[in-house]
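Trainee: Structure in structure tokens, see below.
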Amino acid sequence: MLLVAALAWTGLRVGPAKHHLEQARTQLEVARSALLDRRLDDASAAITAAAAQTSQARSLTHDPVTSALS
């Protein structure tokens, strides 16, 4: 029963984490485009946004339950 609960917990956290990582990827594509166009302020803002998204994804997947299952 404990394993089922742990798997359910992890499953509920993986979806939102994946969404945050997809958002980060989008922001990095924006940053790449901005860098190629020499829009450094836009690139910096996009990189900062990507960092925030990856941080949120990490916080969703780095907890004792998820760590125990990996």
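The values are calculated or read from the model by the stated rules, or taken from the named source; none is laboratory data. Predicted model only: the values in this text are computed from it and were never measured. With ideal geometry, Cβ positions are generated from the backbone for all residues, glycine too; neighbour counts draw on all protein chains shown. Each accessible area value is taken on the protein alone, full model and side chains, heavy atoms only, with ligands, DNA and RNA left out. Shrake-Rupley method; radii C 1.70, N 1.55, O 1.52, S 1.80 Å.
Trainee: Suppose a student asked you for the relative contact order of the chain, using Cα pairs under 8 Å spaced at least 6 residues apart; what percent would you report? Provide the component values of the computation, followed by the final result.
Mentor: Working: 57 pairs, mean separation 30.1, N = 70.
So the answer I get is 43 percent.
Trainee: Where only protein heavy atoms count, and the probe is 1.4 Å, what is the accessible area per residue for the chain in Å²?
Mentor: That works out to 74 Å² for each residue.
Trainee: At Leu3 and Ser33, where each label point lies 7 Å from the Cα along Cα→Cβ, what is the point-to-point distance in nanometres?
Mentor: Once both label points are built, they end up 4.7 nm from each other.
Trainee: Now for a different question. Let me know the shape class of the chain, please: from the alpha-carbon gyration tensor, a ≥ b ≥ c as square roots of the eigenvalues, rounded when a/c is under 1.5, otherwise prolate if a/b is greater than b/c, or oblate.
Mentor: prolate
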